[in-house]
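Here the structure comes first, spelled out in structure tokens, and everything after it is commentary.
The values are calculated or read from the model by the stated rules, or taken from the named source; none is laboratory data. This is a predicted model, so every value here is computed, not measured. Every residue, glycine among them, receives a Cβ derived from its backbone with ideal geometry; neighbour counts consider all protein chains shown.
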Ligand SMILES: Cc1cc2nc3c(=O)[nH]c(=O)nc-3n(C[C@H](O)[C@H](O)[C@H](O)COP(=O)(O)O)c2cc1C
């Protein structure tokens, strides 16, 4: 097989050139990276969380390194929607890359005020951040209650006709409850996970390292948790899921795709290696060539039990044959109550234990 493989994915009615996006807050609005490579080589850019007015962020120490990642308590510092509409949005549009505008607010009204200002000129989709652990109001408060998730998602849904992704928090007991609430309120897709709440202590000062005491843990340490949550959510909703959390290599990204994510976002890895997203795209392409896979969509959900494709949130896929290559799927009768259902039940039981 030649190197001609199709990396494009369709999600929420948008065709992305490849399934590797950069995650919010780890790429700002893209300018700092544009001298390194054309941004249009990326699947999409998720902007820094953008509020109705400029936010200064949290005081004090905002970052700490951890053995396999980092803690941050930036507090969603951003220049606000006016600046985005006048400066960063038009610039980003000129780069020819798909734009997912991440929005934040302290109240439902604030989220709505940002969403209703976004137009197709400066945004291909909206990503609703209801999961940031570093702001006192809003943020995580919305993302940990199914009722509040439903409320803010429904309000933003009414405020914009752009495709709407809701970004979920891992700091909950059962992430599938939040996923279902967002889906029921009209989300077109889900992105997960945001950072996990953590902290560090400076033993010389005998004080917490971060000015905010707690911060969000990201990077390789959270990948197995993120992967487990993506697996659970894909089995619980019909809308597409985008995987985030500790993705630093093509192997990581492929695991998320095989768990059922239609795309992935690369966050913390961009700080250490700004070219990581491009290396991941190249690695996925190489894997496809080596394994005789023409379309990346064939890999989506490939690790899931046969029969799950009929659920609706996965494209039709093949099953791995004896040679490890994907074979055409034999659609089983009533697959909605087949292996997928059994798996979901099992996961629910496991959660209760
Ligand atoms: C410094 C920093 C800033 C972030 N800012 C945002 C943000 O503004 N909005 C948001 O939804 N997520 C934000 N995140 C979360 C990331 O987008 C991502 O969900 C998380 O870091 C997990 O992915 P990773 O392990 O690849 O970094 C931020 C993460 C970091 C490390």
Practice task
Sort out which residues of the range 14-35 are more than 13 Å from the ligand (Cβ to nearest atom), within 15 Å of the chain's Cα centre (by Cα) and not in a loop (DSSP other than H, G, I, E, B), and write them in order of number.
Solution key: 16
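Residue 8 - would you say it is surrounded by fewer than 18 Cβ atoms within 10 Å (Cβ to Cβ), at pLDDT 95 or above and closer than 26 Å to residue 299 by Cα? Lay out the reasoning, then the answer.
Details: surrounded by fewer than 18 Cβ atoms within 10 Å (Cβ to Cβ): yes; at pLDDT 95 or above: yes; closer than 26 Å to residue 299 by Cα: yes.
Yes: the conditions hold for residue 8.
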Completion exercise
Taking the range 254-282 and keeping residues more than 16 Å from the ligand (Cβ to nearest atom) and part of a helix (DSSP H, G or I) leaves 258, 282
Exercise for the section: Among what's in the range 183-226 and is under 26 Å from residue 124 (Cα atoms) and touching a helix residue (DSSP H, G or I) at 6+ places or on another chain (Cβ under 7 Å), pick the residue that is nearest to the ligand (Cβ to nearest atom). Expected result: 193
Fill in the blank from the handout: Exactly one of 156, 166 is within 16 Å of the ligand (Cβ to nearest atom), buried (at least 24 other Cβ atoms within 10 Å of the Cβ), outside any loop (DSSP other than H, G, I, E, B) and touching a residue at least 40 places away in the same chain (Cβ under 8 Å), and that residue is 156
Practice task
Kindly indicate whether any position in the range 50-59 is crowded, with 19+ Cβ neighbours inside 10 Å, within 26 Å of residue 294 (Cα to Cα) and at pLDDT 95 or above.
Solution key: no
Exercise for the section: Could you please let me know if residue 266 is over 18 Å from residue 42 (Cβ atoms) and under 13 Å from the mean Cα position of the chain (by Cα)? Expected result: no
Exercise for the section: Examine the range 125-138 for a residue that is touching a strand residue (DSSP E or B) at 6+ places or on another chain (Cβ under 7 Å) and more than 15 Å from the ligand (Cβ to nearest atom), and state whether such a residue exists. Expected result: no
Completion exercise
Selection from the range 239-253 of residues within 13 Å of the ligand (Cβ to nearest atom) and closer than 18 Å to residue 6 by Cα yields 253
Practice task
Inspect all residues belonging to the range 72-81 and state whether any of them is touching a helix residue (DSSP H, G or I) at 6+ places or on another chain (Cβ under 8 Å) and in contact (Cβ under 8 Å) with a residue 40 or more places away in the chain.
Solution key: no
Practice task
Please work out which one of (1) touching a residue at least 24 places away in the same chain (Cβ under 8 Å); (2) within 30 Å of residue 203 (Cα to Cα); (3) within 12 Å of the ligand (Cβ to nearest atom) is the condition residue 65 fails and give its number.
Solution key: (1)
Practice task
Scan the range 13-28 and report the pairs whose first residue is free of Cβ contacts under 8 Å to residues at least 60 places away in the same chain and closer than 19 Å to residue 239 by Cα and whose second residue is in a loop (DSSP other than H, G, I, E, B) and more than 15 Å from the ligand (Cβ to nearest atom), with Cβ atoms within less than 6 Å and a gap of 6+ or a chain change.
Solution key: 15/8
Fill in the blank from the handout: Here the residues within the range 36-55 that are more than 22 Å from the chain's Cα centre (by Cα) and within 14 Å of the ligand (Cβ to nearest atom) are 54, 55
